[in-house]
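Just so it is clear, none of the values below were taken in a lab; they were calculated from the coordinates. As the structure is a computational prediction, the values presented were derived from the model and not from experiment. A quick note on method: Cβ atoms are made from the backbone with ideal geometry, for glycine too, and the neighbour counts reach across all protein chains shown.
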Amino acid sequence: MEARATLKFLRISPRKVKIVLDLIRGVDAAKAMAILKFTPKAACEPLEKLLASAMANAENNHSMDVSKLYVAECITCPGPILKRIRPKDHGRAHRILKRTSHVTLVLKERED
């Protein structure tokens with residue numbers, strides 16, 4: 001049995017989100033919440049809400065014990081890229097790529 005939550009179109013690049021996801025992969029859900037709360041990265045705030053959503057899904061939809069949950073799987077995929085133009089010298093233009101992420105978080109129950 002697993003509980004899943006997804007976050008789409010997060011306006012942070014997947015490379016930056018992956019750094020935070022590597023911190024919580026395989027960790028108990030309560031400890032992962034503490035890690036996200038005290039890590040000074042921009043991706044932590046939306047990931048904290050995503051973890052809370054996955055925990056609520058586990059408790060309410062699947063009747064799982066919240067104290068036994070752990071982060072079984074967490075992945076990020078690139079979403080659509082917003083393309084913007086930055087004016088440069090001599091009338092030139094440089095493209096700025098504003099990257100987005102799709103994040104999936106899967107919680108499972110530990111078997112003691």
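Between 0 and 90 degrees, rounded to the nearest ten: what's the tilt of helix 29-38 against the longest Cα principal axis of the chain?
Relative to the chain, helix 29-38 is tipped by roughly 40 degrees.
DSSP loop trypsin sites (Lys or Arg not before Pro) in the range 45-112 with at most 13 other Cβ atoms within 10 Å of their Cβ, which ones? Working shown, then result.
On the way: sites: 49, 68, 83, 84, 88, 92, 95, 98, 99, 108, 110; in loops: 88, 92, 99, 110.
Passing both the DSSP loop test and the Cβ count: 88, 92, 110.
Given 93, 23, 42, which one lies farthest toward the positive end of the charge dipole of the chain, if we put +1 on the Cβ of every Lys and Arg and -1 on the Cβ of every Asp and Glu?
The residue sitting most towards the positive pole is 93.
Roughly what would the spin-label model give for residue 8 and residue 34, points 7 Å off Cα along C-beta, in nm?
The answer from the label model is 3.5 nm.
Between 89, 22, 65, find the one with the highest GNM mean-square fluctuation for the chain; connect C-alpha pairs within less than 10 Å.
Result for the chain, Cα springs under 10 Å: 89 fluctuates most.
I want to make sure I understand the PRE zone here: with the label point 7 angstrom from the Cα of residue 81 toward its beta carbon, which residues in the range 1-22 have backbone N atoms less than 14 Å away?
Inside the label zone: 13-15.
What relative contact order, as a whole-number percentage, does the chain give when Cα pairs under 8 Å and 6 or more residues apart are counted?
On the way: 215 pairs, mean separation 46.7, N = 112.
About 42 percent, as a whole number.
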